[in-house]
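*Asks:* Take a look at this one; I'll ask things after.
Derivation of every value follows stated rules applied to the coordinates shown; laboratory data play no part. Treat the numbers as computed from the prediction; the structure is a model and nothing was measured. Note: ideal-geometry Cβ built from the backbone for every residue, glycine included; neighbour counts use all protein chains shown.
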Amino acid sequence: QVQLQQSGTELVKPASSVKISCKASGYTFTSNYMHWIRQQPGNGLEWIGWIYPGNGNTKYNQKFDGKATLTADKSSSTAYMQLSSLTSEDSAVYFCARWAGYFDYWGQGVMVTVSS
Amino acid sequence: DIQMTQSPPSLSASLGDKVTITCQASQNINKYIAWYQQKPGKAPRQLIRYTSTLVSGTPSRFSGSGSGRDYSFSISNVESEDIASYYCLQYDNLPWTFGGGTKLELK
């Protein structure tokens with residue numbers, strides 16, 4: 001069965017970077033776009049961008065240009081998102097989600113807390 | 001960016017009620033709207049795509065309609081398991097944008 005398993009909770013310092021992962025299983029990783037979505041505490045959802053693991057193509061929400069970098073490792077069927085120059089505003093839960101004409105599978109989310 | 005104005009922000013309903021949530025886009029989104037349900041501490045779950053198509057596993061009491069800029073999502077015969085937050089998403093234009101959400105509570 002399809003699963004997206006995300007990495008664990010992160011507590012990171014301001015101005016640092018963090019790389020979170022989304023390991024896919026149960027399907028051909030290179031065949032579907034992988035999207036990333038942010039949810040700040042008590043807030044709604046924001047679309048960050050997508051990566052197509054088949055060729056590494058990416059598309060970002062301009063709001064996250066320079067903040068988020070999406071990559072994918074075909075050998076391990078894992079998608080990554082690196083967040084840089086972290087501030088308290090980046091404290092949020094980050095989801096990966098597979099696109100199959102709709103978001104049919106989601107990771108469980110990674111909580112990132114930025115605090116000194 | 002396309003703004004998605006979702007209303008109401010919160011909604012109180014009794015079991016068996018019909019409830020309706022609306023999303024208005026800042027421009028025509030050509031029916032490319034999806035609706036999600038999210039329960040606390042969980043990932044969202046997609047219920048509807050392309051305005052009115054129920055995704056696999058979505059109960060028939062959920063429905064969607066609309067065109068142009070104006071869209072609605074309804075739950076007929078609200079059940080206890082429907083208590084959650086609901087979001088719309090436009091995926092016609094980049095960047096994709098979500099509505100602000102509607103929290104459905106039991107009266």
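*Asks:* Using alpha carbon centroids, what distance separates the stretch B:31-98 and the stretch A:26-50, in Å?
*Replies:* If we compute the Cα centre of each part, the gap is 16 Å.
*Asks:* Count the net charge of all other residues whose Cβ sits under 13 Å from the Cβ of residue B:14, scoring Lys and Arg as +1 and Asp and Glu as -1.
*Replies:* Its environment carries a net charge of -2.
*Asks:* Counting only other chains, and only Cβ atoms inside 10 Å, what mean value do you get across the residues of B:98-104?
*Replies:* If you average over the peptide's residues, the count of other-chain Cβ atoms is 2.
*Asks:* Residue A:35: net charge of surrounding residues, Cβ under 10 Å, Lys/Arg +1, Asp/Glu -1, itself excluded?
*Replies:* My count for the surroundings of residue A:35 gives +2.
*Asks:* Mind checking which of A:40, A:82, A:62 has the largest fluctuation in a GNM of chain A, springs on alpha carbons under 10 Å?
*Replies:* A:62
*Asks:* Another question, then. May I ask you to sort B:2, A:48, B:29 by Cβ crowding, counting other Cβ atoms within 10 Å and putting the fewest first?
*Replies:* B:2, A:48, B:29
*Asks:* Given contacts defined as C-alpha pairs under 8 Å and at least six residues apart, what's the relative contact order of the stretch B:21-86, whole-number percent?
*Replies:* Contact order relative to length: 37 percent.
*Asks:* Determine the dipole magnitude for the protein assembly as shown: charges of +1 sit on the beta-carbon of Lys and Arg, -1 on that of Asp and Glu, nothing else is charged, the reference point is the Cα centre, and the result goes in debye to the nearest 20.
*Replies:* That gives a dipole near 220 debye.
*Asks:* What is the mean number of Cβ atoms from other protein chains located within 10 Å of the Cβ atom of each residue in peptide B:33-45, rounded to a whole number?
*Replies:* 3
*Asks:* Under a Cβ-Cβ cut-off of 15 Å, what is the net charge of the residues other than residue A:59 that fall near it, where Lys and Arg count +1 and Asp and Glu count -1?
*Replies:* That sum, taken over residues with Cβ under 15 Å, equals -2.
*Asks:* For A:8-18, what's the mean count of beta carbons from other chains sitting within 10 Å of each residue's beta carbon?
*Replies:* 0
*Asks:* Among A:103, A:69, A:44, whose Cα lies farthest out toward the positive end of the dipole of chain A, if unit charges sit on the beta carbon of Lys, Arg (+1) and Asp, Glu (-1)?
*Replies:* Looking along the dipole axis, the top candidate is A:69.
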